[in-house]
Ligand SMILES: [Zn+2]
């Protein structure tokens, strides 16, 4: 059992949807014809919904439900360099190695990669990672996988469990999977950076962003 989602979390999810960052999943994309390598949090309470949704999409596309799931706590939000979700980069390196290995023709030849973050994530809550930070880590993980494997089709998705009171949040279903637009997220975070000049004391939260080469601060 994990912590329930908060009203602030739901408001943030709503905001991401309004910004076009969280979108309905397009059932015609990506190419599932040879299967997919989903990178998912090991969370057993969400497994059935996340994988069931994906299997449904594959069936709709007329493809075999060939899921080669890679799972560790935190899922794709543990790929980016981050001492909380990915201490020592052990998980990041494991995921990167297995994504590459699975794509090899002599192994599985599965080239389509789906990166899944989710909320509420027990690991994120345990190590003090907020929903916004968890989403940022998913986006950075996508960048990292694409940098390592520029020829592999890689997309991100975000699963949300609105809890048993989901109807109070205006939801028809308790659990939802969204497509996560990397481009829209980057555009929004760049705009936030532009508005708040470096050194300015903003009232919002501050997040340290580390990548392989640079360290910046997103306000
Ligand atoms: Zn999780």
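Just so you know, all these numbers are worked out from the coordinates, no wet-lab data involved. Remember, predicted model here, so these are calculated numbers, not experimental data. Ideal geometry is used to build each Cβ from the backbone, glycine not excepted, and the neighbour counts take in all protein chains shown.
Data overview
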item	result
Gyration tensor verdict on the chain (Cα atoms; rounded if a/c is under 1.5, prolate if a/b is larger than b/c, oblate otherwise)	oblate
Extension gain (nm, one decimal) between residue 194 and residue 3, 0.36 nm per residue minus Cα-Cα	65.3 nm
Residues residue 97 and residue 28, FRET efficiency given R0 of 41 Å [Cβ-Cβ distance, rounded to 0.05]	0.85
For peptides 100-109, 81-90, sequence by mean Cβ density within 10 Å, most packed first	81-90, 100-109
Order by protection proxy (mean Cβ within 10 Å, highest first), peptides 132-142, 185-195	132-142, 185-195
P(r) tail fraction, the range 68-169 - alpha-carbon pairs more than 21 Å apart, %	34
Potential lengthening between residue 17 and residue 89 on full extension [0.36 nm per residue; Cα-Cα distance subtracted]	22.8 nm
Structure-based [θ]222 nm, the chain - -39500 (n - 2.57) summed over DSSP H runs of at least 4, per residue, nearest 500	-11000 deg cm²/dmol
